[in-house]
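> One structure is given below, represented as structure tokens, and several questions about it will come after.
The values are calculated or read from the model by the stated rules, or taken from the named source; none is laboratory data. Values in this document were obtained by computation on a predicted structure and should not be read as measured data. Reconstructed Cβ throughout: ideal geometry from the backbone, glycine too, with neighbour counts over all protein chains shown. Each accessible area value is taken on the protein alone, full model and side chains, heavy atoms only, with ligands, DNA and RNA left out. Shrake-Rupley method; radii C 1.70, N 1.55, O 1.52, S 1.80 Å.
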Amino acid sequence: MRTSPSRADQVMALAEDRGVLRPRDLQARGIPRVYLQDLYERGLLQRLGRGVYAASDTDLSEHHSLAEVCAHAPRAAICLLSALRFHDLTTQNPRQVWVTLPLHAHRPRLDYPPLRLVYASGAALTSGVEDHHIEGVLVRVYSPAKTVADCFKYRSKVGLDVALDALRDCWRARRCTMEDLWRYAEVCRVANVMRPYLEAIAR
């Protein structure tokens, strides 16, 4: 007669399946969260951050920090410098993870990685979001064209030079259409700011 897998085996199977584990993943299956700490102390799990674990033999991707943030903050959308890096539209590797949250949302409780937050509402929050899966975590990232428009909107935070480089690189790499750029310029209310630059690259 086959015996059912132990709870530790269930946790390890879940880690292999999902990539990243959080206490609520265990609670949803009636498994006490103490198993995460126990398996960590036995060397079977690695701790990626506060309340985030993975199997010890998991190969972490270059975008692991994005997965870690979104595991804690599923309403967050990766934006600005972090979105540019995700889309290979910059050679910069930002030290912070840039995320957009809904207005009045609480700051995610994360010790690591460090966060840089912006807040938005309406179409500026919801438009241009792409769903990606990294290490088993749903990661929401703004599209290249929306990210370019965001860079112009938040040029006081990232710098106008970053916004201009993002626009040129996005256009040259054919990661967007002119229609996309105009649409998100309107959504982000920076059409007048972007107009001379869009007209210049369209010539």
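> Residues of region 28-51 being in contact (Cβ under 8 Å) with a residue 12 or more places away in the chain, out of contact with any Lys or Arg (no Cβ under 6 Å at 6 or more places or on another chain), assigned to a helix (DSSP H, G or I) and more than 13 Å from Gln10 (Cα to Cα), which ones?
Asp38
> OK, next. Exactly one of these conditions fails for Glu186: (1) farther than 20 Å from Val97 by Cβ; (2) touching a Phe, Trp or Tyr at 6+ places or on another chain (Cβ under 9 Å). Give me its number.
(2)
> Might you check whether a residue that is touching a residue at least 12 places away in the same chain (Cβ under 8 Å), assigned to a strand (DSSP E or B) and surrounded by 22 or more Cβ atoms within 10 Å (Cβ to Cβ) occurs anywhere in region 170-182?
No, region 170-182 has no match at all.
> Is there a residue being among the basic types (Lys, Arg), at negative phi and assigned to a helix (DSSP H, G or I) anywhere in region 60-76?
No, because not a single residue in region 60-76 is among the basic types (Lys, Arg), at negative phi and assigned to a helix (DSSP H, G or I).
> Mind checking which residues of region 120-146 are part of a loop (DSSP other than H, G, I, E, B) and in contact with an Asp or Glu (Cβ under 8 Å, 6 or more places away or on another chain)?
Gly136, Ser143
One line per residue, one yes/no per condition, for (1) modelled with pLDDT of 80 or more; (2) open to solvent by less than 60 Å² (accessible area, probe 1.4 Å):
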position: Met1; (1), (2): no, no
position: Val11; (1), (2): yes, yes
position: Ala15; (1), (2): yes, yes
position: Val20; (1), (2): no, yes
position: Arg24; (1), (2): yes, no
position: Arg29; (1), (2): yes, no
position: Val34; (1), (2): yes, no
position: Gln37; (1), (2): yes, no
position: Leu48; (1), (2): no, yes
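> Turning to a different aspect of this structure: Go through region 126-151 residue by residue and tally those that are over 11 Å from Ala185 (Cβ atoms), in contact with a Ser or Thr (Cβ under 7 Å, 6 or more places away or on another chain) and open to solvent by less than 20 Å² (accessible area, probe 1.4 Å).
Going through region 126-151 one residue at a time, the tally reaches 2.
> Please identify the pairs in which a residue from region 77-97 that is within 20 Å of Cys188 (Cα to Cα) has its Cβ atom under 6 Å from the Cβ atom of a residue that is in a loop (DSSP other than H, G, I, E, B) and of a type outside the set (Ser, Thr, Tyr), counting only partners at least 6 apart or on another chain.
Final answer for the pair search is Leu81/Pro94; Ser82/Pro94.
> Which of the residues that make up region 152-203 are under 20 Å from Glu130 (Cβ atoms) and charged (D, E, K, R)?
Matches in region 152-203: Lys153, Asp169, Arg174, Arg175, Glu179, Asp180, Arg183, Glu186.
> Tell me whether region 85-95 contains one or more residues that are among the aliphatic types (A, V, I, L, M) and part of a helix (DSSP H, G or I).
No: zero hits.
> Another question, then. Does region 152-169 hold any residues that are surrounded by 20 or more Cβ atoms within 10 Å (Cβ to Cβ) and among the small types (Gly, Ala, Ser), and which are they?
Across region 152-169, the qualifying residues are Ala163, Ala166.
> So which residues in region 118-140 are under 11 Å from Arg75 (Cα atoms) and among the aliphatic types (A, V, I, L, M)?
Those that are under 11 Å from Arg75 (Cα atoms) and among the aliphatic types (A, V, I, L, M): Leu125, Leu138, Val139.
> Hey, does region 105-119 have a residue that's touching a residue at least 12 places away in the same chain (Cβ under 8 Å), touching a Cys at 6+ places or on another chain (Cβ under 7 Å), crowded, with 18+ Cβ neighbours inside 10 Å and assigned to a loop (DSSP other than H, G, I, E, B)?
no
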